[in-house]
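To keep things clear, I will list the structure first and then write my remarks on it.
The values are calculated or read from the model by the stated rules, or taken from the named source; none is laboratory data. Bear in mind the structure is a predicted one, so any value in this text is a computation, not a measurement. FYI the Cβ positions are ideal-geometry reconstructions off the backbone, even for glycines, and counts take in every protein chain you see.
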Amino acid sequence: MANRWGYPDLGFGIGLRSVHFQHILQNNPSIDWFEVLSENYLDTGGRPLHILDQVAERYPVVLHGVSLSVGSTDPINFEYLKKLKALAKRVKANWVSDHLCWCGVTGLNTHDLLPMPYTNEALRHTIERVRIIQDFLERPIALENASTYLEFAASTWPESEFLASLAEEANCGILLDVNNVYVSSYNHGFDPKAYIDRIPRDRVVQMHLAGHTNKGTHIIDTHNDYVIDTVWKLYRYAHRRLGGVATLLEWDANIPAFEVVHGEALKARKFREQEDSNPKAPDLTEVPAYGD
């Protein structure tokens, strides 16, 4: 069953990063699609935007942002939305996504994805903001589960149920970050498979995969390494539960050559094909309930 908007399964992509610009323009690599960090192109012209135009002519693109701040109590930034809407139109973005979080207060941007309290009040507040944002953009958005390192004592909802309810009530999509599910499950001691079980299949339009840094007592979502085996198993479980959706490999620090990043993304194709051909193996109970 496809997502309710008919957004396509674009296949397996990577983030568009400046270190790969020359390789992409010169070699026209055989990659399915690119995810574009919205903020990198909202207030700039010149070469970066010119290159983005060329990439968007050759490949499907989606926009992924870090500044919608859907959970904030600050007024919605309509100037930001105006620029985002124009960029989405310019590059013919298949969809636009951001994070379930807040990014600042009193007009100050912390440049971080801060966790929310999962309460009824926060849910009502965020639903209203997402509806306003979508009305302005004239399209549904997809919200990603961010990695978290602390929780609010006031929370009365599990994050997965909060996200699922928000998606239903605000009529928005979900970008399921499989690595973030694992990172947060390790940090907070919940079952990552149970988290995925609560996500409504028809709301998921995209998945993320990435590497992380394990500090022993906690994991940090650093996007600077290969995807670990346990996250690949969890991705296969997510595919079993939610079906095939556009999948992106994030690699944002210590970025290697294009072929290395693309090769890591293509591993997702292999795991999906294995799952589709033999859905009962491997035993996905191997995915630990509380981290490694």
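Out of PHE136, PHE162, PHE152, PHE190, report the one residue that is more than 25 Å from LYS270 (Cβ to Cβ) and touching a Phe, Trp or Tyr at 6+ places or on another chain (Cβ under 6 Å). Spell out the reasoning first.
Details: PHE136 fails: touching a Phe, Trp or Tyr at 6+ places or on another chain (Cβ under 6 Å); PHE152 fails: touching a Phe, Trp or Tyr at 6+ places or on another chain (Cβ under 6 Å); PHE190 fails: touching a Phe, Trp or Tyr at 6+ places or on another chain (Cβ under 6 Å).
Step by step, each of PHE136, PHE162, PHE152, PHE190 is checked, and only PHE162 is more than 25 Å from LYS270 (Cβ to Cβ) and touching a Phe, Trp or Tyr at 6+ places or on another chain (Cβ under 6 Å).
Just to be sure I understand the filter: pairs with C-beta atoms under 9 Å, separated by 6 or more residues or on different chains, first member in the stretch 28-42 and within 19 Å of GLU144 (Cβ to Cβ), second member acidic (Asp, Glu) and surrounded by 16 or more Cβ atoms within 10 Å (Cβ to Cβ). Which pairs pass?
What qualifies is GLU35/GLU250; SER38/ASP98.
Any chance you could count how many residues in the stretch 14-36 are over 17 Å from GLY65 (Cα atoms) and in contact with a His (Cβ under 7 Å, 6 or more places away or on another chain)?
Initial filter on the stretch 14-36 (over 17 Å from GLY65 (Cα atoms)): 19-32.
Retained after the next criterion (residues that are in contact with a His (Cβ under 7 Å, 6 or more places away or on another chain)): 29, 31.
Final tally of qualifying residues: 2.
Output the number of residues of the stretch 245-271 satisfying the condition of being in contact with a helix residue (DSSP H, G or I) (Cβ under 6 Å, 6 or more places away or on another chain) and either more than 19 Å from TYR182 (Cβ to Cβ) or surrounded by fewer than 21 Cβ atoms within 10 Å (Cβ to Cβ) (or both). Working first, answer last.
First pass over the stretch 245-271, keeping only residues in contact with a helix residue (DSSP H, G or I) (Cβ under 6 Å, 6 or more places away or on another chain): 247, 249, 251, 255, 258, 271.
Subsequent filtering for residues that are either more than 19 Å from TYR182 (Cβ to Cβ) or surrounded by fewer than 21 Cβ atoms within 10 Å (Cβ to Cβ) (or both) retains 255, 258, 271.
Count: 3.
Can you find, within the stretch 238-292, the residue that is nearest to ARG4 (Cα to Cα) among those that are at pLDDT 90 or above and β-branched (Val, Ile, Thr)?
VAL245
Please indicate, with yes or no, whether at least one residue in the stretch 12-35 is of a type in the set (S, T, N, Q) and surrounded by 16 or more Cβ atoms within 10 Å (Cβ to Cβ). Let's see the steps before the verdict.
Taking the stretch 12-35 and keeping what is of a type in the set (S, T, N, Q), we get 18, 22, 26-28, 30.
Remaining after also requiring surrounded by 16 or more Cβ atoms within 10 Å (Cβ to Cβ): none.
No, that holds for no residue.
Is it the case that TYR195 is in contact (Cβ under 8 Å) with a residue 12 or more places away in the chain, of a type in the set (Phe, Trp, Tyr) and closer than 22 Å to LYS233 by Cα?
Numbers: in contact (Cβ under 8 Å) with a residue 12 or more places away in the chain: yes; of a type in the set (Phe, Trp, Tyr): yes; closer than 22 Å to LYS233 by Cα: yes.
Yes, satisfied.
With within 15 Å of the chain's Cα centre (by Cα), within 26 Å of PRO75 (Cβ to Cβ) and surrounded by 15 or more Cβ atoms within 10 Å (Cβ to Cβ) as the only criterion, which of ALA142, ALA238 stands out? Walk me through how you get there before you give the answer.
Values: ALA238 fails: within 26 Å of PRO75 (Cβ to Cβ).
Every option except ALA142 fails the conditions.
Go through the stretch 56-111 and report how many residues are within 21 Å of ALA167 (Cα to Cα), of a type in the set (Ser, Thr, Tyr) and surrounded by 16 or more Cβ atoms within 10 Å (Cβ to Cβ).
The number of residues fulfilling the criteria is 4.
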